[in-house]
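I have placed the structure first, in the form of structure tokens, so that the comments after it can refer back to it.
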């Protein structure tokens, strides 16, 4: 289903899945308003560096990809928007 | 623009030693209401400097030194600690904590996690954890470096669960040591000295309820280079002053910079000072001879470690107010 839709829908669906995980796993809530997609996860104190590794492990398992150390930058992982865009790029290749 | 140079870390050591000693006397007598100080000494520069300041404050008869080796600590560390205790004229007791660590599962749990990451790992191997990424502007990841009995070195990235278990098991060392420090402190009605320098304190390089636990931390405001300077000023033995900073926690020798800090300690000191005084990254880069982007990454790594380790500094957080206790008096 994910890959049968348009690029924009794919990115939105990826964002939704990542956000669900972050909300449930780091903020213990399913309240969508608790986190904006552009919020900084690291500087905002929502996810620390150990949490980022946990998030990366989850993404690798959920999307059957391997995320190499050189991709593990704040630019790729510091917000739901950034993670969604990174995943969209990885899954498109 | 602030012009940065290495002299910013210069200090009037005699004046500062006098000030710390006076403050220690005041803290121990009027705030903690104890009769002396317990200091666990590793042979490293921080605990050596701390106990020397404790002796300067209270005299050798009111300072009790502990040497707490275990399977993975270097024999030379305990030798240096003994030389220091003799030099200062304090009472000293050595307690090998290996049996306690073995009984509680420290080595077994650590090795089980290492084997999950590297199945060949087993008896006779030595290991350490290194951290990488932060200085290059990436998110830090952890690697296991293990040396087989035949000398071959293996280097594997650690999964989060394995990393956490190795650290959790290793933290037994600092916590068992602290248990012994408080046994003697309670027995003698003394207070316990924590020995972090400013770099360690600021960046959270300590184990909560382990080496992070203490009643007073006399050098937590001094940069590591200043601790070396203070040790020399106090006339500590040359073997102590020349000690290379290591964690002395893993069976393979591990520099503090490769485990935790982005740069060697002198450069980290300067970077931390520069960040604390709003010096632009380009100016730090000029003095350290590195690129501006790398200096910026070092700044960000410092900020990130502050965020990540903030909880280590926190007292237990209450869910409601208890205002009757005047804890800041």
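The values are calculated or read from the model by the stated rules, or taken from the named source; none is laboratory data. Please read these numbers as outputs of a predicted model, since none were measured by experiment. As a convention, Cβ positions derive from the backbone with ideal geometry for all residues, glycine included, and neighbour counts pool all protein chains shown.
Is it true that residue A:55 is out of contact with any strand residue (DSSP E or B) (no Cβ under 9 Å at 6 or more places or on another chain) and crowded, with 19+ Cβ neighbours inside 10 Å? If you could, list the steps in order and put the result at the bottom.
On the way: out of contact with any strand residue (DSSP E or B) (no Cβ under 9 Å at 6 or more places or on another chain): yes; crowded, with 19+ Cβ neighbours inside 10 Å: yes.
Criteria met by residue A:55.
Which of the residues that make up segment A:54-73 are over 12 Å from the mean Cα position of the chain (by Cα), at the interface with chain B (Cβ under 10 Å from one of its Cβ atoms) and not in a loop (DSSP other than H, G, I, E, B)?
Correct list: A:69, A:70, A:71.
Looking at segment A:28-38, which of its residues are within 12 Å of the chain's Cα centre (by Cα) and surrounded by 15 or more Cβ atoms within 10 Å (Cβ to Cβ)? Walk me through how you get there before you give the answer.
Applying the first criterion (within 12 Å of the chain's Cα centre (by Cα)) to segment A:28-38 yields A:37-38.
Listed by number, the list holds a single entry, A:37.
Do the conditions hold for residue A:92, that is, is it modelled with pLDDT under 95, over 27 Å from residue B:302 (Cα atoms) and surrounded by 17 or more Cβ atoms within 10 Å (Cβ to Cβ)? Explain how you work it out, then say what you get.
Working: modelled with pLDDT under 95: yes; over 27 Å from residue B:302 (Cα atoms): yes; surrounded by 17 or more Cβ atoms within 10 Å (Cβ to Cβ): no.
Criteria not met by residue A:92.
Quick check on residue A:88: is it more than 13 Å from residue A:19 (Cα to Cα), in a loop (DSSP other than H, G, I, E, B) and away from every other protein chain (no Cβ under 12 Å)? Step through it out loud before you land on a result.
Details: more than 13 Å from residue A:19 (Cα to Cα): yes; in a loop (DSSP other than H, G, I, E, B): no; away from every other protein chain (no Cβ under 12 Å): yes.
No.
Filter segment B:170-184 for residues that are in contact with a strand residue (DSSP E or B) (Cβ under 7 Å, 6 or more places away or on another chain) and surrounded by fewer than 21 Cβ atoms within 10 Å (Cβ to Cβ); which is farthest from the other protein chains (Cβ to nearest Cβ)?
Narrowing segment B:170-184 to residues in contact with a strand residue (DSSP E or B) (Cβ under 7 Å, 6 or more places away or on another chain): B:177, B:180-182, B:184.
Now restrict to residues that are surrounded by fewer than 21 Cβ atoms within 10 Å (Cβ to Cβ): B:180, B:182, B:184.
Values: B:180: 29, B:182: 28, B:184: 34 Å.
This residue is B:184.
Restricting to segment B:38-59, name every residue that is part of a loop (DSSP other than H, G, I, E, B) and either touching a strand residue (DSSP E or B) at 6+ places or on another chain (Cβ under 7 Å) or free of Cβ contacts under 8 Å to residues at least 60 places away in the same chain (or both). Before you say what the answer is, go through the steps one by one.
Quick first cut of segment B:38-59, residues part of a loop (DSSP other than H, G, I, E, B) only: B:41-44, B:59.
Selection gives B:41, B:59.
Among the residues of segment B:136-150, write down those that are in contact (Cβ under 8 Å) with a residue 24 or more places away in the chain, more than 17 Å from residue B:114 (Cβ to Cβ) and in a loop (DSSP other than H, G, I, E, B).
Scanning segment B:136-150 gives B:137, B:140.
Where residues in segment B:16-37 are in a loop (DSSP other than H, G, I, E, B) and in contact (Cβ under 8 Å) with a residue 40 or more places away in the chain, which of them is surrounded by the fewest Cβ atoms within 10 Å (Cβ to Cβ)?
Step by step, filter segment B:16-37, then rank; the result is B:35.
Listed residues B:117, B:135; which is within 14 Å of another protein chain (Cβ to nearest Cβ), surrounded by 15 or more Cβ atoms within 10 Å (Cβ to Cβ) and more than 25 Å from residue B:311 (Cβ to Cβ)? Break it down stepwise before answering.
Details: B:135 fails: more than 25 Å from residue B:311 (Cβ to Cβ).
So the residue among B:117, B:135 that is within 14 Å of another protein chain (Cβ to nearest Cβ), surrounded by 15 or more Cβ atoms within 10 Å (Cβ to Cβ) and more than 25 Å from residue B:311 (Cβ to Cβ) is B:117.
How many residues does segment A:62-88 hold that are under 19 Å from residue B:138 (Cβ atoms) and surrounded by 12 or more Cβ atoms within 10 Å (Cβ to Cβ)? Walk me through it before giving the result.
Taking segment A:62-88 and keeping what is under 19 Å from residue B:138 (Cβ atoms), we get A:65-79, A:82-83, A:85-87.
This time we only want the ones that are surrounded by 12 or more Cβ atoms within 10 Å (Cβ to Cβ), so: A:65, A:67, A:69, A:71-79, A:82-83, A:85-87.
So the count comes out to 17.
Among the residues of segment A:31-45, is any within 14 Å of another protein chain (Cβ to nearest Cβ), more than 20 Å from residue A:85 (Cβ to Cβ) and at pLDDT below 95? Can you show your working first?
Looking only at segment A:31-45, we keep the residues that are within 14 Å of another protein chain (Cβ to nearest Cβ), and these are A:40-45.
Those still in the list that are more than 20 Å from residue A:85 (Cβ to Cβ) too: A:45.
Narrowing further to those that are at pLDDT below 95: A:45.
So far as segment A:31-45 goes, yes, one or more of its residues are within 14 Å of another protein chain (Cβ to nearest Cβ), more than 20 Å from residue A:85 (Cβ to Cβ) and at pLDDT below 95.
Quick check on segment B:277-291. Is at least one of its residues exposed (fewer than 13 other Cβ atoms within 10 Å of the Cβ), away from chain A (no Cβ under 14 Å), within 17 Å of residue B:8 (Cβ to Cβ) and within 25 Å of the chain's Cα centre (by Cα)?
There is at least one residue in segment B:277-291 that is exposed (fewer than 13 other Cβ atoms within 10 Å of the Cβ), away from chain A (no Cβ under 14 Å), within 17 Å of residue B:8 (Cβ to Cβ) and within 25 Å of the chain's Cα centre (by Cα).
Given the residues B:227, B:298, B:216, which is the only one that is in contact (Cβ under 8 Å) with a residue 24 or more places away in the chain and touching a strand residue (DSSP E or B) at 6+ places or on another chain (Cβ under 7 Å)? So that I can check it myself, show each step before the final result.
On the way: B:227 fails: touching a strand residue (DSSP E or B) at 6+ places or on another chain (Cβ under 7 Å); B:298 fails: touching a strand residue (DSSP E or B) at 6+ places or on another chain (Cβ under 7 Å).
Criteria check complete, one pass: B:216.
Evaluate segment B:141-149: report whether one residue or more is farther than 30 Å from residue B:293 by Cα, in contact with a helix residue (DSSP H, G or I) (Cβ under 7 Å, 6 or more places away or on another chain) and away from every other protein chain (no Cβ under 14 Å). I'd like the intermediate steps shown before the answer.
Narrowing segment B:141-149 to residues farther than 30 Å from residue B:293 by Cα: B:146-149.
Applying the additional criterion that residues be in contact with a helix residue (DSSP H, G or I) (Cβ under 7 Å, 6 or more places away or on another chain) yields B:146.
Keeping just the survivors that are away from every other protein chain (no Cβ under 14 Å) gives B:146.
Checked against the condition, which is being farther than 30 Å from residue B:293 by Cα, in contact with a helix residue (DSSP H, G or I) (Cβ under 7 Å, 6 or more places away or on another chain) and away from every other protein chain (no Cβ under 14 Å), segment B:141-149 yields at least one hit.
Tally time: how many residues in segment B:255-271 are touching a helix residue (DSSP H, G or I) at 6+ places or on another chain (Cβ under 6 Å) and modelled with pLDDT of 85 or more? Break it down stepwise before answering.
As a first pass, look at segment B:255-271 and keep what is touching a helix residue (DSSP H, G or I) at 6+ places or on another chain (Cβ under 6 Å): B:261-262, B:264-269, B:271.
Retained after the next criterion (residues that are modelled with pLDDT of 85 or more): B:264-269, B:271.
The qualifying residues number 7.
For the subset of segment B:151-169 comprising residues that are in contact with a helix residue (DSSP H, G or I) (Cβ under 6 Å, 6 or more places away or on another chain) and not in a strand (DSSP E or B), which member is surrounded by the most Cβ atoms within 10 Å (Cβ to Cβ)?
Going residue by residue through segment B:151-169, those that are in contact with a helix residue (DSSP H, G or I) (Cβ under 6 Å, 6 or more places away or on another chain) are B:156, B:158, B:160, B:162, B:165-166, B:169.
Next cut, not in a strand (DSSP E or B) only: B:158, B:160, B:162, B:165-166, B:169.
Values: B:158: 23, B:160: 18, B:162: 21, B:165: 19, B:166: 25, B:169: 21.
If we take residues in segment B:151-169 being in contact with a helix residue (DSSP H, G or I) (Cβ under 6 Å, 6 or more places away or on another chain) and not in a strand (DSSP E or B), then B:166 is surrounded by the most Cβ atoms within 10 Å (Cβ to Cβ).
Give the residue that is modelled with the lowest pLDDT, with candidates limited to residues of segment A:74-85 that are within 11 Å of chain B (Cβ to nearest Cβ) and closer than 18 Å to residue A:26 by Cβ. Break it down into steps so the answer makes sense when it comes.
Taking segment A:74-85 and keeping what is within 11 Å of chain B (Cβ to nearest Cβ), we get A:74-78.
Checking which are closer than 18 Å to residue A:26 by Cβ leaves us with A:74, A:76-78.
Values: A:74: 87, A:76: 94, A:77: 93, A:78: 91.
Ranking the qualifying residues of segment A:74-85, first place goes to A:74.
Is it the case that segment B:64-75 has a residue that's over 17 Å from residue B:211 (Cβ atoms), part of a helix (DSSP H, G or I) and at pLDDT below 95?
For segment B:64-75, residues over 17 Å from residue B:211 (Cβ atoms), part of a helix (DSSP H, G or I) and at pLDDT below 95: present.
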